[in-house]
1. Based on DSSP, what percent of beta bridges with both residues in segment A:776-874 are antiparallel, to the nearest 5?
2. Answer with one residue from A:291, A:242, A:504: the one whose Cα lies farthest towards the positive end of the charge dipole of chain A, charges on Cβ with Lys, Arg +1 and Asp, Glu -1.
3. Among the lysines, which have Cα under 18 Å from the Cα of residue A:653 when same-chain residues fewer than 8 positions away are ignored?
4. Please figure out what share of the DSSP beta bridges in segment A:481-632 is antiparallel and state it in percent, rounded to the nearest 5.
5. Could you list A:799, A:620 so that the one with the fewest beta carbons within 10 Å of its beta carbon is first and the one with the most is last?
6. Ranking A:673, A:529 by Cβ neighbours within 10 Å, fewest first, what do you get?
7. Under the Karplus relation 6.51 cos²θ - 1.76 cosθ + 1.60, θ = phi - 60°, what is the ordered set of whole-Hz ³J(HN,Hα) values for segment A:616-630, x standing for Gly and Pro?
8. R0 = 60 Å: FRET efficiency of residue A:401 with residue A:684, Cβ-based, nearest 0.05?
Amino acid sequence: MEERYDPISIEARWQAFWEDKGVFRVNEDISKEKYYLLEMFPYPSGKIHMGHVRNYTIGDVIARYKMMRGFNVLHPMGWDAFGMPAENAAIANNTHPAGWTYDNIDTMRIQLKQIGFSYDWDRELATCHPEYYRWEQWLFIKMFEKKMVYRKEAYVNWCGTCQTVLANEQVEAGLCWRCGKEVVQKKLWQWFFKITDYADDLLDYCDQLPGWPEKVTTMQKNWIGKSFGAEIRFPIENSDEVITVFTTRQDTVFGATFMCLAPEHPLVPELSKGGEHEKEVLGFIDKMSKQDRSAKGVESYEKEGVFTGAFCINPMTGNRIPVYTANFALMEYGTGAVMCVPAHDQRDFEFAKKYGLDIVVVIQPKGKTLDSSVMTEAYIEDGVQVNSGEFDGLLNRKAMDKIADYLEAHDLGRKTVNFRLRDWGISRQRYWGAPIPMIHCEKCGVVPVPEDQLPVVLPEDADLLEGGGSPLSSLDYFKKTACPACGNTDAERDTDTMDTFVESSWYFLRYCSPKYDKGMFDREAVKYWMSVDQYIGGVEHAILHLLYSRYFTRVLKDLGFVDFKEPFTRLLTQGMVCKETVSCPEHGFLFPEETVYKETDPQCTKCGKPADFGRVEKMSKSKKNVIDPNILLKKYGADTTRLFCLFAAPPEKDLEWSEQGVEGGARFLNRVWRLAVDWIPVIKEVDGFNGKPSELSGKLLELYQKVHQTTKKVTNDIDERFHFNTAISAVMELVNVMYALFPENSGKDKSNSLKDLKPEETGVMKSALETVILLLSPVVPHFSEELWQALGGTPSILSVSWPKYNEDALVSDEMLIVIQVNGKLRGKFTISADADDDALKEAALSHDQAKKFIDGKEIRKVIVVKKKLVNIVV
RNA sequence: GCGAGAGUGGCGGAACUGGUAGACGCACUGGACUUAGGAUCCAGCUCUGGUGACAGAGUGGGAGUUCGAGUCUCCCCUCUCGCACCA
């Protein structure tokens, strides 16, 4: 073993060793308990960033720990390889998305291997492989057959210049992010998954996921957004049509004095047709269709609307009320129609004030009387019904039920629930995705591609369009096909691709049998490995990805392919990796390599001017506050990088980058290394201490106890709490005790210091050093393998079982007792561990330090806490 | 606005079921070893007063429960995150 710790050579050697021996390769083995550990797979964006390093390091520690605990650990890795960045990069560089993606995968795979992660690379998958998306297409068809997927016309953000659909995030202030031209709402035929059929089940099970952070389950609950209420039908005057509204406040129906429809509501043009308001209404619809969706979502957005010219009848009062179309009515929520009760809804109130509409109070607060003519805001609290016919005098909460019953009994409406969750639109007018396996035939309609013709392979020789639209619709050899049902040769393939969230909704199942070619997965393998015991990833996926995965698992269960509903038993959402930004007055944000430091003040290397520290923010290219993991690997090695990521913060919290922190980690590893270098020659050939603690005394006994305490703490911290930071600090403490035990071994000259040691001294030291190495091994695996071997162990250290602690070693024959007087710390003493409460009391009362505070005062009470403290109340 | 979480030294962060607040690390200070050290080892390091032993204050602010509160309860302030014209 080298005198000096040289991570670079060690790490490459052990990585090669693990790979040669296939240490991380696993198979289903019913004789062992399985553990499926999964980290969210990366998008192959180019190279690994610190967020990946942190995420995968956390996972790796758990995986390696579980391996040492004897579990059969499935720990796979793959690539979420479809998506827009590949297309954009391909357009920018005039290359192909596939080439770009595969190059990135190659680069990133090498990086992951350099960090020493324990993946079973034989199970690697990439979602852009036809052998992967083949089964996704197959499932799509199965879902189509069971009517779990359907097609409808829906609005999308459309950029006419780029000829493409934009995601909401790509619309900036109503303009296209790429070309800066106006974005419109366009109706397109699109495929939808009926996730709303599962809304209730997905919601109910949120409370049955004890291993998930509550934050995530509440976010999902809010996203699903179940609200109880009623549907009420308002007949339109002089028409057979009826407007159905959804409300959660049917108790206020007597106060509904007007109606608002969403601009997209199909009745709006119809109601205004031919009337004097038609022109104005159509103008309003047009204006709204051009408006950016995100701007609509701002609360301060001015409420506006226009009268359609039509009236409908409030079914409870019989009054005719005007029908408006208004910008605050959302087509996506409820029925797209709102019964407006200005007295009891703030939004309706503002609208009524603006357009001079009636305000009728139907709920009175207790002990007060509201007067609609002087109200300045809506009264939204509970109260007593008034102006509500036979329901007057009831508490409004009671009236809710009664009115709902009345509506049902008189066929005017019904009790219902409404969800915020909408069906999942998966059609993308994009190239780099999995083709939707459907064929459109003039005669037969929409026909699925026959199973034996799957996969529908995405043509890889397509030229991308300059504007970014999909080239598939102009690729005749792809598009033109024969109808599988009638043979009509003029049929056309669907040229849309699937949302990339579809691929990531089932990849965890594919890992169980990634090469299986008779189905999505081998059911036996899935039975063995699933569910995922621990899933780890960023909180940014708390809603969509996790909800979609839960949905897919339910679909597969209902189709009979799996026998469970929930894919992920435990979930850990790790925090972000952050760093302060640095900006130059002239050049804006600066990359770390564009900054030099004079003392501690940053300076711009381009102009030499002083720069400023900005806020601590998530590492991002746009803020330029990024640290390239490659640089860390070269400078410090993988183990130090891993150690820092774990030590600087608990996993669920944000981690602030600190160069000094990394150096602290390196220093610690060097410290352990030197300890090993000094001691291995004297302890390599001896056995670890196997005797009883009673054979030891003094400092040596303390070290022995510390070894076992540390083992217990580290085991708990990793296994139950994932608090790697405190686990590491516990090992640091142990190392400090080892250094302190033989102080003559400190400093430079230690030539003679380790001779003439007693057998129990070398034995305890050997056990202690072994323990340090084993406890650290999940965190710094290369380092630990190296030292383990140097200590005479056989690699890999992963096949060594996790150290056990001896409960007997944890109990000392003395205990430290704290004395409090009136709750304040006044002294401490040690006493034999078998002393009883009375002995403690006596010892405390006669303690010199305590006496000062007791003397001359009356003792009212003495509280003794077993083995801990004595509190004297005077 | 609604929902969730968090406020502890100069900094990152410890403190499991209420029981020694500040573990561990960083930074800083002093010492040792040194030709030298940004290497290493040892020591100090919440604030205030005192040379000192020691005393007092102290976990965002205010009340409360308790022998005892960072931890439990109530009110308030600040920050972060998520959802947001959801009828």
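Quick note: the coordinates plus some simple rules give every number you see, no bench work behind them. Keep in mind that what you see is a predicted model, and the values were worked out from it rather than measured. Neighbour counts run over all protein chains shown; Cβ positions are idealised from the backbone, glycine included.
1. Numbers: 13 of 17 bridges.
Bridges in segment A:776-874 that DSSP calls antiparallel: roughly 75 percent.
2. Ranked along the dipole, the leading option is A:504.
3. Those lysines meeting the cut-off are A:215, A:579, A:618.
4. 70
5. Details: A:799 12, A:620 16.
By the 10 Å Cβ count, ascending: A:799, A:620.
6. Fewest-to-most Cβ neighbours within 10 Å comes out as A:673, A:529.
7. Karplus-based 3J(HN,Hα) across segment A:616-630 equals 7, 9, 4, 4, 8, 4, 5, 8, 6, 9, 9, 10, 7, x, 4 Hz.
8. On the way: r = 80 Å, r/R0 = 1.33.
Efficiency, from the Cβ-Cβ distance: 0.15.
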